[in-house]
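Please read the structure below before turning to the comments.
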Amino acid sequence: MSTTEIVLSAPLSGVIVPLDDVPDPVFAARMVGDGLSIDPTTHSLQAPCAGAVTMIHAAGHALTVAHDSGLEVLMHIGLDTVALKGQGFTPKVKVGDRVTLGQLLIEFDADGVARKAKSLLTEIIVLPPDRIASLQRNEGPIEAGDVLITVQFKSAQAMTAAGPAARSTELPVPNPQGLHARPAAVLAGVARRFQSETRIHRGDAHANVKSVVALMTMQVKQGDRVVFEAQGPDAEEAVAALAEALKQGLGEDPSHAPAPSTPAIEKPRPSDDPHRMHGVTASPGLAVGQIFQVRRQERHLQERAADPAAERRALQAALDHAVAELDDLERRSGSAIFAAHRELLQDPDVTDLVWRDIASGKSAAFAWHQACTNQAALLAALPDTLLSARANDVRDVRDRVLRLLLGEAPAVLELPPNAVVVAEDLTPSETASLDRSKVVGFATLLGGPTSHVAILARSLDLPALAAVDPRAAEVPDGTPAILDASAGALKIQPTAAETAEAEAQVHRLRDRRAAQLKQAARHATTQDGHRIEVVANLGEVSEAEAAVSNGAEGVGLLRSEFLFMDRPQAPTEQEQADAYVAVARALGPDRRLLIRTMDIGGDKPLPNQPHPP
């Protein structure tokens, strides 16, 4: 492949800091691009190469210089300096100016900016990522004008030789809540069917379509107009498939009215009653029990490893095992949440960084933990709570793979009867695995009503509070408690009268539930006479009886692949027939049964029919 070597000089003096050590997830996770940072000792920014100024931020803290080869260098002075709105920055050039190596670009008040901003660390990012063959970085102290980065840059001809390019027209996003986790996972899954590199553009923002996290961090809303771009041997097909998937709603009904935006959760004010703690209702309900605290143990991971090949093999084995666990969780819970987790395992913005770090000598566990933690922090910082809540999903996937890498057994909570679980946060996996014979509800210090944990709690009919008063974490195990999730309150050490009244209310709610179940088999009809069919989705035979007892009029989807999972040999024809007959018998002669043919492939391989990725 034809490349050009381009030498970039240091735009200011200082100490070089790797992007991994920059306390900002956007740069540390290389969401903008690759490069390095400098902790400056001078107060002027110089041109790292000859070229043209193509961008100057309105706040004066960042600009881009484009080399004649097409390489671009983004320089960003400080962290969170955009909030200064230009105070302390004096650009000395304007967009369109030609500059020479070492020419003054920006002067800044280093002392003033340092007092008001998060940091003076200045990032030097090399773009675009798809044309960079390699970067050789300097280290340690450096003076302005010294060699900073040597770039092997792919020529335009080489990029053309890599395959044809294709681009869609502008397309409106139909999804009521934009590209949140589920539609982002569907879109990433479509992109991964193709060899071509794919990107999505919205104005100046762009992202790798194969990365679920990158798609979510773009914060694409309903009605935003996006463009798909691909390059590679199947570029035309990739763009066409992505455009069609978007038009079809990515698994959602585009006709639904847009949901209101989800602002940051406002935590309830602390109660004056030391025995009453407020929170946000994640799943309504009432429970009486005793406090059980869940506290996480911090892992101490070895950073370096001697054999990168062994680390790669270990990580791949852990990823494969994690996929199998998530398949099983999805079948048992019936929740698509764990399908989205499976997509996160394949996120190239995580895996590419991990493979690179392993090649540089880091252990698989350390590299995986660092990449996922950075991605989670990136999501957690988003202002939209629907998207920021997905940081917990990334942490869940992170911890699952770490457990497998370290050879740890799944954590099993030794719960007392009638446990009211209190934790800083629970992951979706932990929530789905709670022992319902012992847990009567839970309260978390973090989270909110739109999190996947809240969704699971509601599906389990488990009372739950989120964003609860931090004092809840200090309550000793075994303390009597009333969890009134519907009222957003956790009451500890209730009086005998309060306990008796709450227990009576729980019994009344159970009686009402029983009465509702007796009527569950009646046809669902709206008040103006429209008949609504209510059917169940099943992942295994045992769910059929539960569906009937809850009033299902039939089965709208029976996933036939459940018969083929987690077994070395495919089921016989008779085994398949017996399973389908068992479901049909559980439904009875008057309920409809729809069976889906096997949904398997490279993303969901079978043990007895392995597929390449």
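Here, each number is a calculation from the coordinates, and none is a lab measurement. Just so you know, these numbers come straight off a predicted model, no measurement behind them. Reconstructed Cβ throughout: ideal geometry from the backbone, glycine too, with neighbour counts over all protein chains shown.
Placing +1 on the Cβ of every Lys and Arg and -1 on the Cβ of every Asp and Glu, with nothing else charged, gives the chain a dipole about its Cα centre of roughly 860 debye. Computed from point charges on the beta carbon alone (+1 for Lys and Arg, -1 for Asp and Glu), the dipole magnitude for the range 305-419 about its Cα centre is near 120 Debye. Look at the alpha carbon pairs under 8 Å that are at least 6 residues apart: their mean separation over the length of the chain gives a relative contact order of 11 percent. Could you tell me whether the range 475-607 comes out rounded, prolate or oblate from its Cα gyration tensor? Rule is a ≥ b ≥ c as square roots of the eigenvalues, rounded for a/c under 1.5, then prolate if a/b exceeds b/c, otherwise oblate. Judged from the Cα gyration tensor, the range 475-607 comes out oblate (a/c at least 1.5, b/c at or above a/b).
For the range 282-353, applying the loop criterion from DSSP together with a ceiling of 10 other beta carbons within 10 Å to the GluC sites (Glu not before Pro) yields Glu298.
For the range 62-133, the square roots a ≥ b ≥ c of the C-alpha gyration tensor eigenvalues yield an a/c of 1.5 or more together with a/b not exceeding b/c, which makes the shape oblate. Amide hydrogen proximity for Leu558: with H placed 1.01 Å from N in the peptide plane, the residues at 5 or more positions away or on another chain lying under 5 Å are Leu538, Leu594, Ile595, Arg596. For the chain, the longest principal axis of the C-alpha atoms and the axis of helix 348-359 are separated by about 60°. Average projection, convex hull of the Cα set of the chain: 32.3 square nanometres. Look at the Cα gyration tensor of the range 1-139: its axes a ≥ b ≥ c give a/c of at least 1.5 with a/b at or below b/c, and that counts as oblate. Axis of helix 181-191 versus longest Cα principal axis of the chain: the two differ by about 60°, to the nearest ten degrees. Using C-alpha pairs under 8 Å with a sequence gap of at least 6, the mean separation divided by the residue count of the range 466-513 gives a relative contact order of 23 percent. Helices in the chain, meaning DSSP H runs of at least 4 residues, each add -39500 (n - 2.57). Divided by all residues, the mean residue ellipticity at 222 nm is -9500 deg cm²/dmol. With R₀ set to 25 Å, the beta-carbon distance separating Val147 from Thr3 gives a calculated FRET efficiency near 0.90.
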